[in-house]
Amino acid sequence: MRLRLTVLVASIVFACGCATAPASLSPVGVQLWHANEAVVAIGTFQHSVIELNKVQVCDGPIAANGMAVCHALVSDRNTRIVIDACAATVRTIGQIPEGWRPAALTALDQVDALLDKPGQQTLKVYLATARTILLAIPDDPKPRTGPSKLIPRFGGA
Amino acid sequence: MDPNLILQLATVFAPMIAKLFRDHHAATGELPTDDEIRAALAANIQAVLAEGNTWKAGHPSTE
């Protein structure tokens, strides 16, 4: 189990690490590249949760008809929380690409806080993986500063 | 945590990211421009919003 998780995280981090921004991009382009990676990570997290919402778990009590009571692995309520948070995050990144990291990490924290206990338990590893991916994206390049101005000298002869 | 969930995560999550990243690099073999990255970002944002809206359309809120 732990091995599988390690392999999974390593493969995803590796996938991120390979995606270094091309040299053809300006500093703003590199920033957009990183923002795009964050959007892909958030989108993939959302996609995973939607897929988990389709999974039915039949571990409830046996009903009168002899069938076990089933429920979605991730409830509709929890899925909606994730979708709303992801939508708000990608909209924010679209408007302020340079704020991709705080926007995405804050969204994951908010999701974690809003989920109910079963949701937190089920999505714990998914949230951790998404966070790992976001933290693996390199920092944006520092904005270029203009040529340094010469310090005027006073009191010269 | 059910080990099958981890496998599902590995099979769904990682290849999707890898493919999207490869797509950025690939295409014409030329290095992407700022405008192309800007367009990719806008397209991916719309894709995330569309997937969420599609799910919500099929699951109307009862609250």
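What is the residue count in segment A:51-63 for residues that are assigned to a helix (DSSP H, G or I) and without any contact (Cβ under 8 Å) to a residue 40 or more places away in the chain? So that I can check it myself, show each step before the final result.
Going through segment A:51-63, the residues assigned to a helix (DSSP H, G or I) turn out to be A:51-54.
Checking the rest, the ones that are also without any contact (Cβ under 8 Å) to a residue 40 or more places away in the chain come to A:51, A:53-54.
Residues that pass the stated criteria total 3.
Run down A:V82, A:V74, A:V49, A:V90 and say which single residue is surrounded by 16 or more Cβ atoms within 10 Å (Cβ to Cβ), under 22 Å from B:D35 (Cβ atoms) and β-branched (V, I, T).
Details: A:V82 fails: under 22 Å from B:D35 (Cβ atoms); A:V74 fails: under 22 Å from B:D35 (Cβ atoms); A:V49 fails: under 22 Å from B:D35 (Cβ atoms).
Exactly one of A:V82, A:V74, A:V49, A:V90 is surrounded by 16 or more Cβ atoms within 10 Å (Cβ to Cβ), under 22 Å from B:D35 (Cβ atoms) and β-branched (V, I, T), namely A:V90.
What single numbered condition from (1) closer than 22 Å to A:L32 by Cα; (2) modelled with pLDDT of 90 or more fails to hold for A:Q120?
(1)
Which pairs have Cβ atoms under 9 Å, sit 6 or more apart or on different chains, and link a residue in segment B:21-39 that is within 20 Å of A:P97 (Cβ to Cβ) and among the aromatic types (F, W, Y) to one that is loosely packed, with under 13 Cβ neighbours inside 10 Å and modelled with pLDDT under 90?
Sorted first by the residue in segment B:21-39, then by its partner, the pairs are B:F21/A:C18.
Please go through segment A:26-50 and pick out each residue that is in a helix (DSSP H, G or I), at the interface with another protein chain (Cβ under 7 Å from one of its Cβ atoms) and farther than 15 Å from A:L105 by Cβ.
The answer is A:V28, A:G29, A:L32, A:W33, A:N36, A:V40, A:G43, A:T44, A:Q46, A:H47, A:S48, A:I50.
Quick check on my filter: what residues within segment A:56-69 are under 24 Å from A:Q120 (Cβ atoms) and either of a type in the set (S, T, Y) or exposed (fewer than 11 other Cβ atoms within 10 Å of the Cβ) (or both)?
A:Q56, A:C58, A:D59, A:P61
The values are calculated or read from the model by the stated rules, or taken from the named source; none is laboratory data. The structure displayed is predicted, hence computed values, not measured ones. Methodologically, a virtual Cβ is constructed for each residue, glycine included, from the backbone with ideal geometry; neighbour enumeration extends over all protein chains shown.
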